[in-house]
1. Say we look at region 12-57 and pick out the residues that are among the aromatic types (Phe, Trp, Tyr) and in a loop (DSSP other than H, G, I, E, B); which of these is modelled with the highest pLDDT?
2. Which of the residues spanning region 75-134 are in contact with a strand residue (DSSP E or B) (Cβ under 9 Å, 6 or more places away or on another chain) and among the hydrophobic types (A, V, I, L, M, F, W, C)?
3. Six or more apart or on different chains, Cβ under 9 Å: which pairs go from a residue in region 164-193 that's more than 15 Å from Asn55 (Cβ to Cβ) to one that's at pLDDT below 95 and among the basic types (Lys, Arg)? Could you list them?
4. I'm trying to understand the selection: among the residues of region 56-72, which are open to solvent by 20 Å² or more (accessible area, probe 1.4 Å) and in contact (Cβ under 8 Å) with a residue 40 or more places away in the chain?
5. Specify which of the listed residues (Asp81, Asp90, Asp49) is open to solvent by 10 Å² or more (accessible area, probe 1.4 Å), out of contact with any His (no Cβ under 9 Å at 6 or more places or on another chain) and farther than 30 Å from Lys130 by Cα.
6. Would you mention how many residues in region 131-148 are more than 13 Å from Val189 (Cα to Cα) and buried (at least 16 other Cβ atoms within 10 Å of the Cβ)?
7. Quick one: Leu183 ticks every box in (1) of a type outside the set (D, E, K, R); (2) open to solvent by 10 Å² or more (accessible area, probe 1.4 Å); (3) more than 30 Å from Asn127 (Cβ to Cβ) except a single one, so which number is it?
8. Enumerate the pairs (first residue in region 85-114 and among the basic types (Lys, Arg); second residue anywhere and open to solvent by 80 Å² or more (accessible area, probe 1.4 Å) and in a loop (DSSP other than H, G, I, E, B)) with beta-carbon separation below 8 Å, excluding pairs fewer than 6 apart on the same chain, so at least 6 apart or on different chains.
Amino acid sequence: MVFTQNQVIMKRRLVIATLLLSVVILPSFFVNKTRFTQKSRQNRTLEGDVYIVINKTAYELQVYDKEGWYATYPVVFGNKDQGDKMVEGDRKTPEGSFRIISKRPHEKWHKMLMLDYPTKESWDKFNQRKATGTIPKGAKIGGGIAIHGTWPHDDIVVDDFTNWTNGCIALKNEDLDELDALLPIGTRVTIKK
């Protein structure tokens with residue numbers, strides 16, 4: 001097959017354009033954007049009543065004290081569906097008011113700050129959903145919700161918003177170490193959409 005001069009030029013332009021597109025556009029799909037912790041003042045210590053607010057829509061855990069906002073940490077959850085936990089096994093993060101009831105190391109996820117889920121509020125919502133037929137009569141409420149870390153060297157799941165837990169709140173291990181030192185058992189935790 002013999003190509004004309006114009007066909008050769010067009011093929012070269014097509015090859016160059018394809019190479020340029022692959023060099024410029026494709027890498028943008030694979031860029032990892034690191035999410036960072038934000039703090040009010042580096043050397044400030046927490047004072048008074050300390051509490052946290054977890055905003056599922058913003059993928060953030062915020063720490064407050066009597067002075068107001070202290071810090072914001074990036075987090076991820078279970079299911080991409082950011083709705084309230086309905087039943088055991090749905091991988092959704094429950095919404096409502098909770099407390100940290102224990103803290104312990106964990107062999108897979110670094111550390112666990114266990115929450116008191118299910119609370120009376122959780123049971124009331126669960127029973128109401130059963131009564132209205134929103135969930136099956138035989139459904140279970142579940143339990144074991146915690147704030148925990150990631151697998152070792154796996155902070156990328158937080159950076160790229162990968163929801164991977166069974167309904168827990170996960171954050172970077174370094175951030176969890178900081179929270180573990182800041183938050184006493186009994187700390188109030190509000191989880192909202």
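1. Step one: of region 12-57, the residues among the aromatic types (Phe, Trp, Tyr) are 29-30, 36, 51.
Now narrow it down to the ones that are in a loop (DSSP other than H, G, I, E, B): 30, 36.
On the way: Phe30: 44, Phe36: 76.
Selected residue: Phe36.
2. Val75, Val76, Phe77, Phe98, Ile100, Ile101, Trp109, Met112, Leu113, Met114, Leu115
3. Hits for this filter: Lys172/Arg35.
4. Across region 56-72, the qualifying residues are Thr57, Tyr59.
5. Numbers: Asp81 fails: farther than 30 Å from Lys130 by Cα; Asp90 fails: farther than 30 Å from Lys130 by Cα.
On inspection, the qualifying residue turns out to be Asp49.
6. Step one: filter region 131-148 for residues more than 13 Å from Val189 (Cα to Cα), giving 131-144, 148.
Imposing the further condition that a residue be buried (at least 16 other Cβ atoms within 10 Å of the Cβ) reduces the set to 135, 139, 141-142, 148.
Count: 5.
7. Every listed condition holds for Leu183 apart from (2).
8. Listed pairs, sorted by first residue: Arg91/Asn166; Lys103/Ile185; Lys108/Trp151.
The values are calculated or read from the model by the stated rules, or taken from the named source; none is laboratory data. Quantities reported herein were computed from a predicted structural model and do not represent experimental measurements. Virtual Cβ from ideal backbone geometry, glycine too; neighbours counted across all protein chains shown. These accessible areas exclude ligands, DNA and RNA; they are computed on the full protein's heavy atoms, side chains included. Shrake-Rupley method; radii C 1.70, N 1.55, O 1.52, S 1.80 Å.
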